[in-house]
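**Student:** Have a look at this one.
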């Protein structure tokens, strides 16, 4: 069964680009939800849980790191995979977000190949 | 050391990485003498602070911004794209170019924090960071579109 996904980014354009790139990578998806920041994402996930969250880091309102912290503080979302998508590329930062509970990291700008490489392990 | 960084190369390399990867558009650097900016422009800017503080500004004609947005979204330039989507796309461009700059100067400059991008449209738009700032400026031809990149910065 195709995985459900949530795209969390304050830029509607970036959400569209990520979706287009996922499709270009040949990955099939189930239900798709969108949110403009971490707070909206938590609210929507509370109503309709998803399998995979692709989340920006730097957003007005609740940012990506706070979102991961809050999601991981609730064990009912242990099976939800969180992939961060950000221009931030410092190794220390990436390690810290993964330590908070993110399952993967995609650097912007990205290619269909980099999206596929990161997402594919979570799609089966 | 900030003095060790060639901001001209950094700016061009960073912009090339973003436009080639996300939009499949190649940059051709052109001289300021050849560059004549349109009157109706769209200006996207994003600020940074930390070891170095400043602002990246990307400016182009409104119709060229639509072309860039169309490429980002996988649409045709003649397709109906809202001004909101065009501004949003240009904001993302400035966000990604600054992210690439940040990565390239991290060893020499140290950590910087980046703001949320802001995009405005208007006539003869310009950016400034005050008298004591430095400015690196590059003009590029982007598949027939003229785009101006300016990086304003000062040591903190």
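Read-outs: derived from the displayed coordinates by stated rules, not from any lab. No experiment lies behind these values; they were computed from the predicted model shown. Please note: Cβ atoms are built from the backbone with ideal geometry, for glycine as well, and neighbour counts cover all protein chains shown.
**Student:** Expressed as an acute angle from 0 to 90° and rounded to the nearest 10, what is the orientation of the C-alpha long axis of helix B:7-23 relative to the principal long axis of chain B?
**Tutor:** Value to nearest ten degrees: 40.
**Student:** Residues of region B:110-133 with amide nitrogen under 14 Å from the 7 Å Cα-to-Cβ point of residue B:49?
**Tutor:** B:112-116, by backbone N distance to the label point.
**Student:** Could you bin all the Cα-Cα distances of the protein assembly as shown into 10 Å bins starting at 0 and give me the percent of pairs in each, rounded to whole numbers?
**Tutor:** Percent of pairs per bin, in order: 7, 29, 34, 22, 8, 1, 0.
**Student:** So what's the Cα pair-distance distribution over region A:3-122, bin width 5 Å, in %?
**Tutor:** That works out to 2, 12, 25, 27, 21, 11, 2, in percent per bin.
**Student:** Is region B:2-155 best put as rounded, prolate or oblate by its Cα gyration tensor, with a ≥ b ≥ c the root eigenvalues, rounded for a/c under 1.5, and otherwise prolate when a/b is larger than b/c, oblate when not?
**Tutor:** Working: a/c = 1.63, a/b = 1.56, b/c = 1.05.
It is prolate, given that a/c is not under 1.5 and a/b is the larger ratio.
**Student:** If you don't mind, another one. For chain B, set up a GNM with springs between Cα atoms under 10 Å and report which of B:121, B:31, B:14 has the largest fluctuation.
**Tutor:** Between B:121, B:31, B:14, it is B:31 that shows the largest mean-square fluctuation.
**Student:** Sticking with this one: Tell me the relative contact order for chain A as a rounded percent, counting alpha carbon contacts under 8 Å between residues six or more apart.
**Tutor:** Values: 198 pairs, mean separation 32.6, N = 124.
Relative CO of chain A lands at 26 percent.
**Student:** On to the next question. So, R0 is 25 Å and r is the distance between the beta-carbons of residue A:90 and residue A:20; what FRET efficiency does that work out to, to 0.05?
**Tutor:** Numbers: r = 27 Å, r/R0 = 1.09.
In this case the efficiency is close to 0.35.
**Student:** Let me ask another. Taking only DSSP H segments of four or more residues, each worth -39500 (n - 2.57), what value at 222 nm results for chain A once the sum is divided by all its residues, to the nearest 500 deg cm²/dmol? Kindly include the intermediate steps, with their values, before the conclusion.
**Tutor:** Numbers: 5 runs with 50 residues, N = 124.
Value at 222 nm, helices only: -12000 deg cm²/dmol.
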